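Structure first, then comments.
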Amino acid sequence: MNLTITNNQDFFKVKGILNRHSVAFFQQELERAFEKQAKITINIEGIESIDRFGVMAFAKLHNSALQNNKSFSIIGLGCKDLYEHFKSVEAA
């Protein structure tokens, strides 16, 4: 399944597979949104699988939000790798 991103202003739903083949599209769409919005919420319930490139894309968005004083939230269950990454960063 391809990656699809739908949004309603500052709320984004991501569905499909987030991997090295789709990460450029993902980053492009959300970086564009960050230029316009002060707050972004991403629902990850629809992500079927994510690889290390996808996890790193989320990490880059998180870092960008911190640097630009923007609000960035990830909601939803199902992406254990993503959860583990942010859990380990928080612990460090």
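For this structure, a couple of remarks:
- Residue within the stretch 75-87 that is at pLDDT 90 or above, touching a Phe, Trp or Tyr at 6+ places or on another chain (Cβ under 8 Å) and either in a helix (DSSP H, G or I) or of a type in the set (D, E, K, R) (or both) present: no
- The listed residue being under 12 Å from the mean Cα position of the chain (by Cα), buried (at least 18 other Cβ atoms within 10 Å of the Cβ) and either in a helix (DSSP H, G or I) or modelled with pLDDT of 90 or more (or both), out of Phe25, Phe53, Phe72: Phe72
- Qualifying residue in the stretch 30-43 (condition: more than 15 Å from Gly16 (Cβ to Cβ), modelled with pLDDT under 90 and among the polar types (S, T, N, Q)): no
- Of all residues in the stretch 1-22, those being in contact with an Asp or Glu (Cβ under 8 Å, 6 or more places away or on another chain) and exposed (fewer than 14 other Cβ atoms within 10 Å of the Cβ) number 2.
- Taking residues in the stretch 44-58 that are closer than 15 Å to Val14 by Cα, and partners anywhere that are β-branched (Val, Ile, Thr) and surrounded by fewer than 21 Cβ atoms within 10 Å (Cβ to Cβ), the pairs with Cβ atoms closer than 7 Å and at least 6 places apart or on different chains are Ile44/Ile74; Glu48/Ile17; Ser49/Ile17; Phe58/Ile74.
The values are calculated or read from the model by the stated rules, or taken from the named source; none is laboratory data. Because the structure is predicted, anything quoted here is derived from the model rather than measured. Don't worry about glycine lacking a Cβ; one is built from the backbone with ideal geometry, like all the others, and counts go over all protein chains shown.
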